[in-house]
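The block underneath contains the structure these notes are about, expressed in structure tokens.
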Amino acid sequence: LAQALFWLSDQREPLQNLSANPNFQLPTMARVLIVALALAAQASGIEAVERTRLLRRNPSEGGAVHVASNAWEFPSDEFTALGGAFTMERPAVAVGLGYQKCGTTVMARILGQHPDSINFGAKEKHYLGGGGSQCAKPGPPSSLQDYLESCFGGQWPHKNQTTLDFTPTYGTMAEIETVVSNVKNMAGDVDYRFIVALRNPASRAASSMGMYRKLALFEYANTTDEQLDNFLREELKSRKAGKPTRFISDGEYSKPLKTFLKTFPKESVLVVNTDKIGELVTWKRIYQHLGLKIFEDHQISEWIEAASLRYEGQQVEKYAATHTAPYHASPAVLQELSEHYKPSDSELWEILGTKPWWGEA
């Protein structure tokens, strides 16, 4: 049925002409049955699906970068946007593109519990973006083999497996073009699948600054909430003046995402609403997007709970170690941040094709 839908979505050829088409290679009775089912599905209002798209490079540059295998797109709704479910025709390399304080640690730990996920060493490899490699060798990768040997101990994924590199800085404007270039250079006979986790950018900026206080980093150690409010206001002034900033810039999600989608098709990247990472429907889409087996609901729920409890426990320990408490940005600061992000958010919803996932923080 999937093959018939792929073919029909491109050809729109009448049923009586199918038997003469040399590209539709199925036994006659099976051919008629499948096409009849496909036409019935279309008549029932099921949307046509798209044929697999392949990002091709100039043969002189070394082949092609595969980004999907038999992809059909997911709906864009309150759980996820873009992305698609793939069958495993070749091994997969999964890359998490961002962002800091958007739930990437919990997501990586949930994925890491899946038996077909290869999560070797550090969660954040920093190998594809030039931000300080956490792998055996400094980047950038010269080939797929170099990447797998440096970051995954030489473990090559089998047909039903996926490697996992979840580095939040990959999706920032500072690194996205470098990441795109390095993935293209790696190529190889694997499928590349990408994940982006997003949350309200105003809340994300405040959470990111709070993390710096929690870890006693730089001038943010031993500060009050009021002092952190002032730091954010100063950053906001700098950003409005066109300067890159530590906490504000990364929440302008639309620009790097547009840059990424100039090279890779929409079905290759699954955008996840961080507020929905505890939902089973979210995880079933993530597993389908990565070509991983979907386990029973109770097993997925156990993985979600285990990862969440571990994360929460570690946060308590970190706050205790520095004698700090979570940062609660003032409503006034959050309002200023929300106003700043409105243009980027508006463009983001247009790209994703969804209703807004958040309002004002």
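The values are calculated or read from the model by the stated rules, or taken from the named source; none is laboratory data. Everything numeric in this text was worked out from a predicted model, so none of it was measured. Here the Cβ is made from the backbone with ideal geometry for all residues, glycine too, and neighbour counts use every protein chain on show. These accessible areas exclude ligands, DNA and RNA; they are computed on the full protein's heavy atoms, side chains included. Shrake-Rupley method; radii C 1.70, N 1.55, O 1.52, S 1.80 Å.
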Among what's in region 170-192 and is part of a helix (DSSP H, G or I) and open to solvent by less than 20 Å² (accessible area, probe 1.4 Å), pick the residue that is modelled with the lowest pLDDT.
-> MET186
May I ask you to list pairs of residues, at least six apart or on different chains, whose Cβ atoms are under 7 Å apart, with the first in region 220-232 being more than 10 Å from GLY210 (Cα to Cα) and without any contact (Cβ under 8 Å) to a residue 40 or more places away in the chain and the second being aliphatic (A, V, I, L, M) and assigned to a helix (DSSP H, G or I)?
-> PHE231/MET209
From the list THR282, THR263, pick out the single residue that is open to solvent by less than 40 Å² (accessible area, probe 1.4 Å), assigned to a loop (DSSP other than H, G, I, E, B) and within 30 Å of GLU350 (Cβ to Cβ).
-> THR263
Note on region 236-259: residues assigned to a helix (DSSP H, G or I), open to solvent by 30 Å² or more (accessible area, probe 1.4 Å) and touching a Ser or Thr at 6+ places or on another chain (Cβ under 8 Å) are SER238, ARG239, ASP250, LYS255
Matching option when the condition is farther than 24 Å from VAL179 by Cα, modelled with pLDDT under 90 and exposed (fewer than 14 other Cβ atoms within 10 Å of the Cβ), among GLU219, GLU305, GLU317, GLU226 | GLU219
Taking the stated definitions as given, is ALA197 in contact with a strand residue (DSSP E or B) (Cβ under 7 Å, 6 or more places away or on another chain) and either outside any helix (DSSP H, G or I) or open to solvent by 60 Å² or more (accessible area, probe 1.4 Å) (or both)?
-> yes
All but one of (1) touching a strand residue (DSSP E or B) at 6+ places or on another chain (Cβ under 8 Å); (2) of a type outside the set (Asp, Glu); (3) more than 22 Å from ARG199 (Cα to Cα) hold for HIS298, so report the exception by its number.
-> (1)
